[in-house]
Amino acid sequence: MPGTKKLVIVESPTKAKTIAQYLGDGFEVQSSVGHIRDLIEPKNLPPELKKGTLGKFSVDVENGFEPYYVVSDAKKKTVADLKRALANADELFLATDEDREGEAIAWHLLQVLKPKVPVKRMVFHEITKEAIKHATENTRELDTALVDAQETRRILDRLYGFEISPVLWRKVGPGLSAGRVQSAATRLVVDRERERLAFVTAGYWDLIAQFTPKTATQQFESRLVRLDGKRIAAGRDFDDKGKLKGDVTIVDELAAQTLAKALRDPKTAITVNTVESKPYTRRPAAPFTTSTLQQEAGRKLRFSARQTMSVAQSLYENGYITYMRTDSPTLSQQAIDAARNQARSLYGAETVPDQPRVYSGKSKNAQEAHEAIRPSGDTFRTPSEVAPTLRGNDFKLYDLIWKRTVASQMADAKGSTASITIGAGPTPSGSIAEFVATGTIITFRGFMHAYEEGRDEVRNATAEPTEAKLPPLTEGQSLSLVEVEAKGHETSAPPRYTEASLVKTLEELGIGRPSTYASIISTIIDRGYVTPRGQALVPNWIAFSVVRLLEEYFADLVQYDFTAGMEDDLDRIAGGEADRVEWLTGFYFGSEKHRGLRTVIDNMGEIDAREINSIKIADDVTLRIGKYGPYLEAPGENPETPRRVNIPQELAPDELTAEKARELIDAPVVGDRVIGVNPENGKEVVAKDGRFGPYVTELEPELPAVEPEYVLDKKTGELKEKKAKKVAVVKPRTASIFKSMDLATVNLDTALELLSLPRVVGLDPESGAEILSQNGRFGAYLKKGTDTRSLISEDQIFQIDLAGALELFAQPKYGGRAASSALKEFDADPVSEKPIKIKDGRFGAYVTDGTTNATIPRGEDIEDIDFARAVQLLADKRAKGPAVKPAAKKPAAKKPVAKKPVAKKPAVKKPAVKKPVAKKPAARKPAASKAASTTSDAAARTPVVRAPAPRKPAVRKPAISKIPASSAASAPVN
């Protein structure tokens, strides 16, 4: 019997908590904690299904690209809780986000929960009482076109990654990956570094002069622009090869210094040639979209894209801002009124234009049909009003969003820009120099009272006019020279991408979607393709090999316009204008427009791994990417044995010029230095620099040559060399030097101390076991039998005494070092109901509730992690499921019942194509299940089988799940 409550399901625990505050007792709000099921890893498929394309991708590409979904072990409890809640409900509201991902989560919930009560799709752009009330009263049906688009993207990424990544593993290195957007993003960063590598610096000089009217004392600055009527060269006049692009004159140092000296001559006349003034107007920037928010937070707050989205997610779920995944800069009428009213009350009525400002987006198809990111509500809370409840990064980002939103509805900044040309000469040598001075006066600040947009670095370009005032001048007026300085300049290479500029470029090229940029940038960093250096993104050498392989063998797939075209196609599927099966067929098997992925894989030919991993630095110097990193290879003394030199990790690719490469090769070998002789055994102690870092070692003496012995072969009667007895090879003692030590200055005493490790600290008085101090892979530590304790530093290895060691072992495991104690503590996790803590472990900081551990992503500051973010990290970790194979946990997978004919080929059985029921677009009632005899474990892994979706109507047929009714309650439903 249905219950009496209305069940509302959202994807986030924090969102559920906030929404519950606005709904009455008649509602129960539960969280799915993200997706409840996903494509199974092919290795975890049942053995009988590990064949063909289904076994390769978990997608049956030969039968309509049907995906094989499974509820992960981590989500089984969540599904059980949702089913129990649904049993007590008389109505179900699916309130996941209104984008492709949110729509897909809602569809999966329908497929798994199989509700027998009315189902409504509930959407909202902000979490306020009014918005939630409006959403419950204005529900809609499930948009299956959005679900199709998300599923197409998921399958596309699986096919792309699973086909191309293995090629990278074999030809470049293990652990690498390829992806339609991540590969394009990596290529952008590598292409920029290639431009920097090829860039040739050009030098030029100019003059900066300080003038003053002869009747006044106000000084102003001007710059030399012409000499003898010809424009002098500036940075923009040189190409990337250092060549001039136009008809200009280069002033060198000698000419600049000579001219400066001539201008100082009192006989040189200086007069104002022209005075021009023109109005200056500057418009405010549009309200934030996902992309512009990531860019501006990167410029102004130094946030990474991932950090920006994490903080924005928290602000949204707690009701402070509207939905943060949007392509639209449009504001609702409610928001326009709120912004105009606040600008009027805070900055004056004159700062608000007569008519509201209307902004339109550049996106061809704004997939997330929301308004811009703005403060929530019909009256915005000012930063001072939210300061008591928002702190740290939450407050910083809210303040940025509030300022941008209010400024977007304010008046233009206005003023005037004066431009003055000044003639100097003729000089004693007969030259005439012309200088230009500009000054901008802002007479009406308008939106600048609230906010000014940041800018990316632009090389060799004139800066945006800044506010500067010039004295009143007239044509023909005489000026006095106060000072003149000759300045040398060099052209600059294209600036490296920052996260902000990379996001901007990806959006301009139409690659990916703003909601995915944060995860894409995180992926290329985590994969080791790119390393952040300050704000700049520096590609690693392995990225050059990956991009080169993709360009040479998968050229179509990494073309920027082709990748952008995929996004347009996905938008067409989301709009119901294209069929997902037809599109995937063309992408994988090929079409008239392009070769399919399968065709490319089958016909790519033999790949020369050595060639792919080699880059010519000079005629006789080659950079190679090896198993242990990049190194230089050059001819050695022996022609058959080339010389190899490791490349310093801190050396960026664009810094490895031919000259630098020769410097590294010609540098004396550091490390092969005899330190002395061990007085105990007479062995030489040597300092070396190896592939794993600097170390010291003892050299074993060479064994004396042994004269061969001969014996008579009884069969042939000839003498034959007797096989020598195998001599045990003595492995020399080695020890890595401490991080605080310098290999060039390590002395014999220090080396012998290092070689003597592990050091016996003493005996445990209780057990009598030796306590050893030593260095390991994860740092310095103490060892007593199988029990260990970490030390704070390497120096403690030699400093700690028995009393100190016993004190450490008396403390709980990891409790003896400050790094492992809780760095932060929060309330209980809504899922596990256990306190959440942030700790620092061997692999870095992580969030834990005592059961689940989630590593804090690179680039996120521990101080910026709040309760909401900690909950989200744990939820994401649970959603990924355990790292071990599910089959290894229970022997139940080996039951003979799994071999029954009925369960052998559930993936390849095509369903009968049925016409969609137009009156039931929410797909609440699944097709009848076959009462096949199978185990619940096998049923949990049954692939989704769905009839092809119709093109026009937004109607999606539910998956046909081959799960008997008796097992539906206990098994994950597909």
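The values are calculated or read from the model by the stated rules, or taken from the named source; none is laboratory data. These numbers were taken from a predicted model, which means no experiment stands behind them. Every residue, glycine as well, gets a Cβ built from its backbone with ideal geometry; the counts of neighbours run over all protein chains shown.
Scanning region 765-782 for residues that are buried (at least 18 other Cβ atoms within 10 Å of the Cβ) and closer than 20 Å to SER736 by Cβ yields LEU772, SER773, ASN775, ALA780, TYR781, LEU782. The residues on offer are THR212, THR217, and the sole one that is under 16 Å from LYS469 (Cα atoms), touching a residue at least 24 places away in the same chain (Cβ under 8 Å), surrounded by fewer than 17 Cβ atoms within 10 Å (Cβ to Cβ) and among the β-branched types (Val, Ile, Thr) is THR212. Taken as a whole, the condition of being exposed (fewer than 13 other Cβ atoms within 10 Å of the Cβ) and assigned to a loop (DSSP other than H, G, I, E, B) does not apply to LYS278.
Applying the condition of being touching a helix residue (DSSP H, G or I) at 6+ places or on another chain (Cβ under 6 Å) and more than 20 Å from MET448 (Cα to Cα) to region 299-310 and asking which residue is surrounded by the fewest Cβ atoms within 10 Å (Cβ to Cβ) yields ARG306. Selection of region 87-117 for residues being over 26 Å from ARG153 (Cα atoms) and not in a strand (DSSP E or B) yields ALA87, ASN88, PRO115, LYS116, VAL117. Select, from SER277, SER291, the only residue that is in contact (Cβ under 8 Å) with a residue 24 or more places away in the chain, in contact with a helix residue (DSSP H, G or I) (Cβ under 7 Å, 6 or more places away or on another chain) and of a type in the set (Ser, Thr, Tyr). One residue alone meets the criteria, SER291. Per this entry, LYS120 is counted among residues that are touching a residue at least 12 places away in the same chain (Cβ under 8 Å), crowded, with 19+ Cβ neighbours inside 10 Å and not in a loop (DSSP other than H, G, I, E, B). Every condition in (1) touching a residue at least 24 places away in the same chain (Cβ under 8 Å); (2) charged (D, E, K, R); (3) in contact with a helix residue (DSSP H, G or I) (Cβ under 9 Å, 6 or more places away or on another chain) holds for ARG344 except the one numbered (1). Of the strands (runs of 3 or more DSSP E) lying entirely inside region 631-736, the ones with 1 or more residues being closer than 30 Å to ALA780 by Cβ and either among the basic types (Lys, Arg) or at pLDDT 85 or above (or both) are found at 673-677, 684-690, 693-698, 734-736.
In a residue-by-residue description of region 197-210, the property of being part of a helix (DSSP H, G or I) and under 30 Å from LEU550 (Cα atoms) applies to at least one position. Could you tell me whether ILE155 is surrounded by 17 or more Cβ atoms within 10 Å (Cβ to Cβ), touching a strand residue (DSSP E or B) at 6+ places or on another chain (Cβ under 6 Å) and either within 27 Å of GLU582 (Cβ to Cβ) or touching a residue at least 24 places away in the same chain (Cβ under 8 Å) (or both)? When the stated conditions are applied, ILE155 passes them. Out of curiosity, is THR152 assigned by TED's automatic domain parsing to the domain that holds ILE525, assigned to a helix (DSSP H, G or I), touching a Lys or Arg at 6+ places or on another chain (Cβ under 9 Å) and hydroxyl-bearing (Ser, Thr, Tyr)? No: the conditions fail for THR152.
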